[in-house]
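*Asks:* Can you read through this structure? Questions will come right after.
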Amino acid sequence: MLAVVVGTGRCGSTLVQELLTRHPAVGFISGVGDKLSRLNLDGRFNGRVYRRMAPRPPGMTSLKHSTGLLERGRLRVAPSEAYRLIDRHVFAGFSRPCRDLLAEDLTPRMATRLHAFFQRRIERQGCEVLLQHLTGWPRTGFLHAAFGDLRVINVIRDGRAVANSWLQMGWWDGWRGPDNWLYGPLPAPLRQEWEDSGRSFQVLAALGWRMLMDAYAQARAVHPAAQWLDVRYEDLVRAPNEQTARMLSFLGLEWTPTFEAGFARHHFHTERDAAYRRELTPAQVAAMERALDKALPQWGYES
């Protein structure tokens, strides 16, 4: 079975994938396979190598945007979004579409290539669940059109925290404005809000989260309800056993001794929940909250 962990980016979805791939029945595509995309490696030994390794250090970003030459935990086999690999071997537009990829975007050729790509890895890794990680646009409608039993774990985080984190990431290209960033153009009403804010970058990041979350709401509405699970990052770090058991059950997996050994290696941090209040000015936070006044309550957050 193919399952996906999805989220806006900087929302905790990497943590969720790395937790769940500690399970011996779960397979994944590794960063090594992605970097060596020309070889189209199937990752036969991914699981047994990864489950012997320590968790990813908190705050680690991509090597391209790292400030240090040598970092603890950098050299390891770990789950990846595998965009280079999928772009090369399925179709080149998967990683950076200007809008969400929907069911109607899937062509017969793409469906054939998707099935071949993921099924090969399921068979070679001998896994019950192949867990893929995606950030940005959901793409779940597109994938569900090819895989009718697709399970989706949607990781949600407070939009203020996500926007603040985006602003600190080397890959965030909102500094070039919404006509040039990776998410495509802002819808006209959101564009007007950004203009009215004086083209605030904090507001732009908040509106980017809002635009993506609107896409997630639309994707959830058309996905079979039994095959979609929302998980809030804040709930996970406060009650990791409860939320992880919930996700395993959703994937049809049991909490085994092998999984417990891997799970016990992870530490869950809550101190970043409201870091945006320390790292932004009160005026910047207030501007973000005005932009998110209706979106935050929709996802269970106080505005």
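*Asks:* Which of rounded, prolate, oblate describes segment 94-166, given a ≥ b ≥ c as roots of the alpha-carbon gyration tensor eigenvalues and a/c under 1.5 marking rounded, otherwise prolate only if a/b is larger than b/c?
*Replies:* Because a/c hits 1.5 or more and a/b fails to exceed b/c, segment 94-166 counts as oblate.
*Asks:* Charges only on Cβ, +1 for Lys and Arg, -1 for Asp and Glu: so what's the dipole of the chain about the Cα centre, in debye to the nearest 20?
*Replies:* Once rounded to the nearest 20, the dipole reads 1160 debye.
*Asks:* Filter the trypsin sites (Lys or Arg not before Pro) in segment 77-179 to those in DSSP coil with at most 14 other Cβ atoms within 10 Å of their Cβ, and list the result.
*Replies:* Sparse-neighbourhood loop trypsin sites (Lys or Arg not before Pro): 99.
*Asks:* Oh, and also: Net charge near residue 37: determine it from the other residues with C-beta under 11 Å of the C-beta of residue 37, scoring Lys and Arg +1 and Asp and Glu -1.
*Replies:* Net charge around residue 37: +2.
*Asks:* Compare the Cα positions of 166, 213, 82 along the charge dipole of the chain (+1 at Cβ of Lys, Arg; -1 at Cβ of Asp, Glu; about the Cα centre) and return the one farthest towards the positive end.
*Replies:* 82
*Asks:* Can you tell me the relative contact order of the chain? Whole percent, Cα pairs under 8 Å, sequence separation 6 or more.
*Replies:* About 25 percent, as a whole number.
*Asks:* How far is it, in nm, from the label point at residue 124 to the one at residue 227 when both lie 7 Å from their Cα along the line to the Cβ?
*Replies:* Each label point is offset 7 Å from its Cα along the Cβ direction, giving 2.5 nm.
*Asks:* Taking the Cα centre of segment 124-176 as origin, work out the dipole magnitude from +1 charges on Lys and Arg Cβ and -1 charges on Asp and Glu Cβ, in debye rounded to 20.
*Replies:* It works out to roughly 100 debye.
*Asks:* Roughly how many whole Å is it from the C-alpha centroid of segment 259-303 to that of segment 179-238?
*Replies:* If you average the Cα positions of each part, the centres end up 14 Å apart.
*Asks:* To the nearest 20 debye, what is the magnitude of the charge dipole of segment 223-286 about its Cα centre, counting +1 on the Cβ of each Lys and Arg and -1 on the Cβ of each Asp and Glu?
*Replies:* Roughly 180 debye for segment 223-286.
*Asks:* Rounded, prolate or oblate: pick one for segment 224-303, where a ≥ b ≥ c are the square roots of the eigenvalues of its C-alpha gyration tensor, a/c under 1.5 means rounded, and failing that, prolate if a/b is larger than b/c, else oblate.
*Replies:* The shape class here is oblate.
*Asks:* Now for a separate question. So which chymotrypsin sites (Phe, Trp or Tyr not before Pro) in segment 101-155 end up in coil per DSSP with only 14 or fewer other C-beta atoms within 10 Å?
*Replies:* none
*Asks:* Still on this structure, please answer the following. Report the antiparallel proportion of the DSSP beta bridges in the chain as a percent, rounded to a multiple of 5.
*Replies:* The antiparallel proportion sits near 5 percent.
*Asks:* Given a Förster distance of 35 Å, report the FRET efficiency between residue 45 and residue 220 from their Cβ-Cβ distance, rounded to the nearest 0.05.
*Replies:* Efficiency, rounded to the nearest 0.05: 0.50.
*Asks:* Per DSSP H run of at least 4 residues, take -39500 (n - 2.57); add these up for the chain, divide by its residues and hand me the 222 nm value, nearest 500 deg cm²/dmol.
*Replies:* Calculated from helices alone, the mean residue ellipticity at 222 nm is -12000 deg cm²/dmol.
*Asks:* Please sort through the DSSP H helices of the chain and keep those with an alpha-carbon extent of at least 20 Å along the long axis and a Kyte-Doolittle average not below 0.5.
*Replies:* 201-222
*Asks:* Kindly provide the chymotrypsin sites (Phe, Trp or Tyr not before Pro) of segment 152-197 that DSSP labels as loop, not H, G, I, E or B, and whose Cβ sees at most 14 other Cβ atoms within 10 Å.
*Replies:* Counting only loop positions with at most 14 other Cβ atoms within 10 Å, the chymotrypsin sites (Phe, Trp or Tyr not before Pro) in segment 152-197 are 171.
*Asks:* Post the alpha-carbon centroid distance, segment 10-32 to segment 75-139, in whole angstrom.
*Replies:* 15
*Asks:* Determine, from the Cβ-Cβ distance of residue 283 and residue 176 and an R0 of 22 Å, the FRET efficiency 1/(1 + (r/R0)^6), rounded to the nearest 0.05.
*Replies:* 0.40
Bear in mind these aren't lab numbers, they're just calculated from the coordinates by the rules spelled out. From a predicted model like this one, the values you see are computed outputs, not experimental measurements. FYI the Cβ positions are ideal-geometry reconstructions off the backbone, even for glycines, and counts take in every protein chain you see.
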